[in-house]
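> Right, I'll just put the structure down here and ask away after.
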Amino acid sequence: MEEEQTPPAGPDLTRGVTLDDFTDGRLVGHVGDQEILLVRSGKGIFAVDAHCTHYHGPLVDGLVVGDSIRCPWHHACFDLATGEATRAPALTPLSVWQVEHEGSRLFVRRKHDQPKPRIEGPVDFRGRIVIVGGGAAGFAAAEMLRRQEFGGDIVMLSNDAAPPVDRPNLSKDYLAGSAPEDWLPLRSDGFYAEAGIDLRLNSNVVSIDTTARSVVTDRGDAIAYDRLLLATGAEPVRLTIPGSDQPHVHTLRTLADCQAIIKLASGAQRAVVIGASFIGLEAAAALRARNVEVHVVAPEQRPMERVLGADLGDFIRKLHEEHGVIFHLEDTVIAIDGKRLTLKSGGSLQADLVVVGVGVRPRLTLAEQAGLAIDRGVTVNAFLETSVAGIFAAGDIARWPDPYSGTNIRVEHWVVAQRQGQTAARNMLGQRKAFDAVPFFWSQHYDVPINYVGHAEKWDDITIEGDIASRDCLLKYRSNGRVFAVASIYRDLASLQAELAMEQKALD
Ligand SMILES: Cc1cc2nc3c(=O)[nH]c(=O)nc-3n(C[C@H](O)[C@H](O)[C@H](O)COP(=O)(O)OP(=O)(O)OC[C@H]3O[C@@H](n4cnc5c(N)ncnc54)[C@H](O)[C@@H]3O)c2cc1C
Ligand code: FES
């Protein structure tokens, strides 16, 4: 049976439109099958692809800021003039289309040649940059170095067997069976050779010699660097209870972890997820999509209350229960004996598969051994440089001075890691860019996305606009009368506006 094609949205732009056809300065139309977004901003009219290059978010629903547009789904930002993905999570530019004015009509008929990204400072540094880590921060840094036309050597060392992948997908669509494996790599295998990025997989760095300026792998190879980026990420906390080393007990960080879970899930009737963390609950949702019975055992009273508060915690619990998840809260697993899990409360559960999602800890060993300043993470300055000149850190390991909260923070968010990798790349080239992005993360549970901007480890009160149960809400986390974070469900524009207001320090 042939798949029914939805016709592309809006008017045929080759026939022309007028400014009266725009709504709020925007118009979606098409050229052939390609949907195009026209944006009137300042004196200019821009035409770019209508969908975000990350997960295809509809840019027409995004936020225009000057000559850029931010995606409503995960806050990527694109330059409307060049199409460049200036802020992660999107890394691929939008195509830019030519707008031709004929009288009062505007026509779009063809693409521009892809404009070059803007080079934002000096790139005269020509030495070798070594990146330890092939995850969010490491990849984004390598890609940005080449985008900024860095002409020196880039060596990226990763102790993973897989090239950089879209890690957030490992607990979402890929685990649920609704995304194919070829969605996962951040770039095709050929990209690295083409871009001159010497990606060395299965390369475990065991030490840094800050005097000789080299890193050493467990095979004994010493690789010299002129600038070094540490982006070693975090590792899942492993349980130390009896039986936690059995083959059906897994944590979830790498593609290999995810594939092992999928393999077991295909023959499993029941899974127990230990820990009601984001990753644990996303894994629970994904396993439900595979028709596996799921029990979640966690010590807290409400899932995610510590990060999102009681009301959103209750909502998330109910949402999972509606999908058949059974919670065993205020309880823990104290032993795993084959398929039998013993609970602290005295009961027991049977499980063919156990997923442990009890948090992660930053991988700090290398930085500690090298004598870098550490404060519950690798201490970096506003330019993401560590206490040793020439060594930078980004992603889950970095604790940086967050200009919005005025405190040093460390977070475990995909987008923050990528953006820090990009900023560190610029600073390794000498561009002196302070990292000032407001933290952002998203989490997906069934068809409910939760977006979160800012950072609030504690709060005095939470104000709720809209209605959580109706999945249409915005929660503001306040301390001393100031909003430090905003969580939302299906209020994407408001979430983008809150992010912008925090950047401008104008949120109340
Ligand atoms: C399943 C899952 C789902 C997630 N979903 C979301 C989400 O929806 N939203 C969100 O905001 N965040 C999410 N996160 C968190 C997000 O993925 C991390 O914050 C992000 O990957 C951190 O990037 P990083 O570069 O610091 O570390 P990583 O991406 O973990 O990369 C670290 C890299 O360093 C390598 N490495 C470590 N030590 C060494 C060494 N000694 N030598 C060589 N290589 C080394 C590792 O192999 C890895 O390649 C999720 C995480 C997981 C695991
Ligand atoms: S779909 Fe646009 S940022 Fe994810």
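> Classify the chain as rounded, prolate or oblate from the Cα gyration tensor: take a ≥ b ≥ c as the square roots of its eigenvalues, call it rounded if a/c is under 1.5, otherwise prolate when a/b beats b/c and oblate if not. Before the final figure, lay out the partial values.
On the way: a/c = 1.61, a/b = 1.19, b/c = 1.35.
Judged from the Cα gyration tensor, the chain comes out oblate (a/c at least 1.5, b/c at or above a/b).
> Counting DSSP beta bridges in the chain, what percent are antiparallel, to the nearest 5? Write out the running numbers ahead of the final one.
Values: 76 of 111 bridges.
If I count the DSSP bridges inside the chain, around 70 percent turn out antiparallel.
> Continuing with the same structure: Report the calculated FRET efficiency for Val448 and Ala81 (r = Cβ-Cβ distance, R0 = 35 Å), to the nearest 0.05.
The pair Val448/Ala81 has a calculated efficiency of 0.50.
> Label the stretch 387-503 by shape, choosing from rounded, prolate and oblate, from the square roots a ≥ b ≥ c of the eigenvalues of the Cα gyration tensor; if a/c is under 1.5 it is rounded, and otherwise prolate applies when a/b is larger than b/c, oblate when it is not.
Here the stretch 387-503 falls in the prolate category.
> Now a separate question. State whether the stretch 159-212 is rounded, prolate or oblate according to the following rule on the C-alpha gyration tensor (a ≥ b ≥ c being the square roots of its eigenvalues): a/c under 1.5 gives rounded; otherwise a/b larger than b/c gives prolate, and the remaining case gives oblate.
In terms of gyration-tensor shape, oblate.
> Turning to a different aspect of this structure: Against the 2.2 N^0.38 Å scaling, with N counting residues, where does the stretch 268-360 land? I'd like the Cα-based Rg ratio to two decimal places. Each step should come with its number before you reach the end.
Working: Rg = 12.2 Å, N = 93, 2.2 N^0.38 = 12.3 Å.
Dividing the Cα Rg of the stretch 268-360 by 2.2 N^0.38 Å gives 0.99.
> Contact order normalised by length for the chain, with contacts defined as Cα pairs under 8 Å and 6 or more residues apart; what percent is it? Please list the in-between numbers first.
Details: 1157 pairs, mean separation 62.3, N = 508.
Over the chain, the number comes to 12 percent.
> Lys/Arg Cβ at +1, Asp/Glu Cβ at -1, dipole of the stretch 1-114 taken about the Cα centre: which of His56, Val17, Gly66 is farthest positive-ward?
Gly66
> Another question, if that's okay. If we sort 430-438, 149-157 on the protection proxy, mean other Cβ atoms within 10 Å, highest first, what's the order?
For the peptides 430-438, 149-157, the packing ranking is 149-157, 430-438.
> Next question, about the same structure. Using the 10 angstrom Cβ neighbour count as an exposure proxy, how do Phe125, Phe392 rank, fewest first?
Phe125, Phe392
> If you don't mind, there's one more thing I want to ask. Output the relative contact order of the stretch 196-303, whole-number percent, from Cα pairs under 8 angstrom with separation of 6+ residues.
For the stretch 196-303, the relative contact order is 14 percent.
> Placing unit charges on C-beta atoms (Lys and Arg positive, Asp and Glu negative, everything else neutral), compute the dipole magnitude of the stretch 49-155 about its Cα centre in debye, rounded to 20.
Numbers: 12 positive and 13 negative charges, 27 e Å.
Its charge dipole is roughly 120 debye.
> Right, another one. Students often check this: by mean Cβ neighbours within 10 Å, which of 191-198, 283-290 ranks highest, and how do the rest follow?
Final packing ranking: 283-290, 191-198.
No value in this document is a laboratory result; all are computed from the given coordinates. All of these numbers come straight from a predicted model, not from anything done at the bench. Neighbour counts are summed over all protein chains in view; Cβ atoms, including those assigned to glycine, are modelled from backbone coordinates with ideal geometry.
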